[in-house]
Structures are given as structure tokens and as C-alpha cells.
1. If the reach is capped at under 15 angstrom between alpha carbons, list the aspartates and glutamates near K313, excluding any in the same chain fewer than eight residues apart.
2. Output the Kirkwood hydrodynamic radius of the range 1-159, Cα pairs only, in Å rounded to one decimal.
3. Please name whichever of I143, A214, A306 sits farthest to the positive end of the charge dipole of the chain, dipole taken about the Cα centre and charges placed at Cβ: Lys and Arg +1, Asp and Glu -1.
4. Considering every Cα-Cα pair within the range 317-387, what fraction, in whole percent, is farther apart than 14 Å?
5. With N denoting the number of residues in the range 189-303, provide Rg(C-alpha) divided by 2.2 N^0.38 Å, to two decimal places.
6. Taking only the alpha carbons of the chain, what extent do you get along each of the three principal axes, in Å, biggest first?
7. Taking the Cα centre of the chain as the origin, how large is its charge dipole in debye, to the nearest 20, when only Lys and Arg (+1) and Asp and Glu (-1) carry charge on their Cβ atoms?
8. Over the Cα atoms, compute the radius of gyration (one decimal) and Dmax (the largest Cα-Cα distance, rounded to a whole number) for the range 65-211, in Å.
Amino acid sequence: MAKNAKRTHKAAHPVSPLAPKAFPKLPPLAGIRLATVAAGVRYQQRTDVLLALLTPGTQVAGVFTTSKTASAPVLWCRDKLKGGEARVLVVNSGNANAFTGRAGQEGVREIAAETAAIAGCRPQEVFMASTGVIGEPLPTEKIIHVLGRLVTEGAAGNWRAAADAIMTTDTYPKAATATAAIDGVKVTINGIAKGSGMIAPDMATMLSFVFTDAKLPAAVLQECLSASVAPSFNSITVDSDTSTSDTLLLFATGKGGKHAAITKASDKKLAGFRKALDAVLLDLALQVVRDGEGAQKLIRIDVTAAQNDAAAKRIGLSIANSPLVKTAIAGNDANWGRIVMAVGKSGEAADRDRLKIAFGPHVVAEKGMRAAKYNEAAATKAVSGREVHIAVDIGLGKGQARVWTCDLTHGYIDINGSYRS
């Protein structure tokens, strides 16, 4: 562990009441060494650079923001992903290196070149990610200055330090782990993530790095990852804003137990691994929502009987992204009229007389009006807990989707109103 790794992130805001009770125990993975340091990229006396050193031959897959103003590290990673191999991951927090022009791109190239020289690999095997303030020049020299130390001091099992180092407005570090069997051989998946605000699904909506000791080719990894993102990171939203920096990378070292060769993602022997990957990504995605800036409640929205799955998801996101819906839930107000509004504005087919809305087990609206057995006290109770379930039956088809969000409180304004100060 780097000497400064003990200078971990201290949340500037109270830890979310929705946070997990403890950081999970992630086991060391063969072929991965982690190191962190306080480089002073933006924060003082706080770890802000993470380096993961990966064994030769490590395969990589990734998905990135669809933003038209993507950051320099995103542009770099998209291009280098074609090679399918990775040796080093470098991540900094505090500065997004986005909208920084040619200087930002040159900084990425300089970091990659210096990292490759120290680690003994090619620059195209170095992957990078940055998160933080947009438009500020990246102090490249501060990162380059600590690279040699990070490569030397990397050690297995530094997952907590790694999760700490990539946080910005997060109030707690995020991690998840799962195991699976490939042809009877145990493999492990570990993942970390950061995210709290500027969260909306349009591929990844944060930074997340997932590692496995399974031996899988890049093409198989990519297919698995692309499918697994849909019900997890692409089904969450905090504030409807898609970041310039969203990056999700999956690395496979191949240094676990020897299992049968896998050449297709559809191989039945990979079923357990894919299920475990789904679980890790959903766990991480929900931790991001639970840490939504100012969040006090986790909200699950299930849309059924839409014309198709895509329509159901758009309706779900219309509800999840509505400030009126989110503030009503924040205020323990069972205002189902706001759900009706959000369904109607989604642009998807809906029929007033077929629509049914429920808060928890309580039906609040159906047959074109307030439910005959509507109970205000019961509905209010259903939206007053830490976790709220909203069910919307469109009544038109077989499409369904599940979307997750959080409530919108004054805490969101407090955090974002002072973000750059």
C-alpha cells in the first residue's frame, strides 16, 4: 500500500442514511496489485490517484459515456480498447480532464507514456479515467510525479484504499464481490465504483472498475459487460445528467484456477459467471443511487404492460427523472397525480382508463381515476420509509422495465451549489 493510502477520503457531507453498514470484504485477486496516493490533484491530504497494475495478458472490456463532450481519458480508452489488453489502470479524482482541449489530450498521452515506461508495457495497454471538476486543466505533472512510487508499492488486496481514492462528492466508498464457477472451477469478481451526482443512464454514469481472475478473451468480456449494463448502470438515475467522464472497465487476468476455454459469451459454462457479473454491477449501481447527492430514500419503479420493453423503460425514466415526483417522495407526499403526469409526458403510448398506479401494495389510481379503495394514510406510509416502491401498469402490452432512483432534497442544492468552492 502506498504510504499516503492511510489518508483516505473524509466525506464533506454526512454519510448517506442509505449506505451499507460496512465495506464488503473483497479478497485479493491473482494478477492485480493496487496502490493509492495523495498527489494533490485538487484535494489536500486526501488520496486522489489510484493505480492498478495488471498481469501481462490481462484482457479488457469497457463501456463509456455517450456524451458529445466526453473527457480526454474517455476518448483515449475508447481507442485503446480495440487492442483488448491492459497492463495498468490510472485513475484520478478531483479533476475530470474534460473540456480541456488539446492540453487535456496531451496530458493523457504523457501519463500513458510515462506509466508504460515505468511498468514495462506499451502505452496502449494503459487505461485511464478522471472524475471531478470539468474545464480545469489537469495538473499532469503531479500524477506523473507519483507513478513510479505507485508501481513499486502496489499490493494485492488494497480494495478499500482504491475505492476511497476515486471518490468526489461520494459519502462512502463503494465495492462489491461475487464468486462463480466456470466448468466447476471457482472464479471471483471484485468491483469498485464512484458516483453520487451527475448520474443518468446513457451507458455508464460514473466510474466503475471491475476485475476477475477468470480467463476470458476480450470479445467475450465485452459481450458480457454490454449485456450486464442494461439492468444495472443503465437503469439508474439520480438527477438526469449524463457525465462527460462515465467509464466502466472490466479486466480479466486469467490467473485464477484453470477452467475450460471459453470462446463465446453464449457458452452455457459461462452462465454462472454472467449471473455473478450481473449481481456485482447491480450492487454497485444501487450503491451509487443510495449515495445520490442529498438522498434520503431509494426508489424502485416497476413499469409493466407497456407496448414494449423500450417503452416501459422510457416511462420508468420519465417518472424517475421528474423533480416533482422526487420532491413529493422526499416530503412523504403520496401525490400519485405526479406519476400520472410523468407517464403522460414520456411520449409513450398510454391510456387513461387502463393505467393503474400503486405505492407499495396500495393501489392509488385505476380506471381513469383515484382508486375506489384509496387510503391516504396507507399510501402516505408507503412513501415514507427509506425504500419506496412505485408500480405502474400501463395496460397496453407486455413491455416491462425496472428503474431505480432517489428522492430530491435540499441537500442536492447544498452540495452542488458549493461544488467548486
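The values are calculated or read from the model by the stated rules, or taken from the named source; none is laboratory data. Model, not experiment: these values are computed from the prediction. For neighbour counting, all protein chains shown are included, and Cβ atoms are generated from backbone atoms with ideal geometry for every residue, glycine included. Remember, those area values only see protein heavy atoms, side chains included, never the ligands or the DNA or RNA. Shrake-Rupley method; radii C 1.70, N 1.55, O 1.52, S 1.80 Å.
1. The qualifying aspartates and glutamates are D202, D302, E348, D393.
2. 16.3
3. Comparing the listed Cα positions along the dipole, A214 ranks first.
4. 58
5. 1.12
6. Sorted from largest, the Cα extents of the chain read 71, 52, 38 Å.
7. On the way: 50 positive and 36 negative charges, 152 e Å.
Dipole magnitude for the chain comes out near 740 debye.
8. Cα only, the range 65-211: 15.7, 50 Å (Rg, Dmax).
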